[in-house]
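The values are calculated or read from the model by the stated rules, or taken from the named source; none is laboratory data. Predicted model only: the values in this text are computed from it and were never measured. Glycine also receives a Cβ, built like all others from the backbone with ideal geometry; neighbour counts cover every protein chain displayed.
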Ligand code: ADE
């Protein structure tokens, strides 16, 4: 079973994201274990301090190295971790490829920063990699961790009942997924494309592929060259 440990000074922020839908089912099926750790449990002194003023001055507080390392070392004493990942806006951008590779790991730690950030020595000496979920600044790493967990967990083998549904996602082959429709076939004159109702499998595959290519060209043209390199098979 894959295990994901999340270290945060705001554990309550993560109460809900893992308690619904696919991520909830993955835990119930014992395919993934997600454990949230409250950094304050490792805080210094009677006030359980976890942050302090920055050396050299400046605005904002910095998460201290001691409590984070205490938490990390407690976890590492229990099991071996494949990756210790810090969520940070200045890290490498998250991608479907990165999610795919994380889904194959056994144990990972996600460390959430807050305030102005974390003591740089944690990044240089204890973290094995970093992830940004986009070029914007969140008030902490928690929502980013929830994004990473959600995208990774649904890829863990056995989590989605229909394996092909993950393979056909947007970005899996560097194409945007084609549109989907369900009943009714006609809603106030808005019709579902006839080919999708034709029952003609080959035509449906061709239609979806054509739209996926057209949409990718229109919306994300920069993906197309890597699609052509990548694409060996035929999946839209
Ligand atoms: N923490 C703050 N902003 C972030 C971002 N964009 N990605 C990951 N972690 C963050």
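Which of the following residues is within 16 Å of the ligand (Cβ to nearest atom) and either modelled with pLDDT of 95 or more or surrounded by fewer than 15 Cβ atoms within 10 Å (Cβ to Cβ) (or both): 71, 112? Show your work before the answer.
Values: 71 fails: within 16 Å of the ligand (Cβ to nearest atom).
Just one listed residue meets the conditions, 112.
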> Checking residue 101 against (1) within 16 Å of the ligand (Cβ to nearest atom); (2) under 16 Å from the mean Cα position of the chain (by Cα); (3) surrounded by fewer than 18 Cβ atoms within 10 Å (Cβ to Cβ), which test does it fail?
Replying inline: (1)
> For segment 117-169, how many residues are outside any loop (DSSP other than H, G, I, E, B), in contact (Cβ under 8 Å) with a residue 60 or more places away in the chain and either within 13 Å of the ligand (Cβ to nearest atom) or touching a helix residue (DSSP H, G or I) at 6+ places or on another chain (Cβ under 9 Å) (or both)?
Replying inline: 10
> In this structure, does residue 78 turn out to be modelled with pLDDT of 95 or more, surrounded by fewer than 19 Cβ atoms within 10 Å (Cβ to Cβ) and in contact with a strand residue (DSSP E or B) (Cβ under 7 Å, 6 or more places away or on another chain)?
Replying inline: no
>> Taking the criterion of being out of contact with any strand residue (DSSP E or B) (no Cβ under 7 Å at 6 or more places or on another chain) and within 16 Å of the ligand (Cβ to nearest atom), would at least one residue in segment 171-191 satisfy it?
In response: no
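Among the listed residues 91, 56, identify the single one that is out of contact with any helix residue (DSSP H, G or I) (no Cβ under 9 Å at 6 or more places or on another chain), surrounded by 15 or more Cβ atoms within 10 Å (Cβ to Cβ), assigned to a loop (DSSP other than H, G, I, E, B) and at pLDDT 95 or above.
Details: 56 fails: surrounded by 15 or more Cβ atoms within 10 Å (Cβ to Cβ).
After applying the criteria, what remains is 91.
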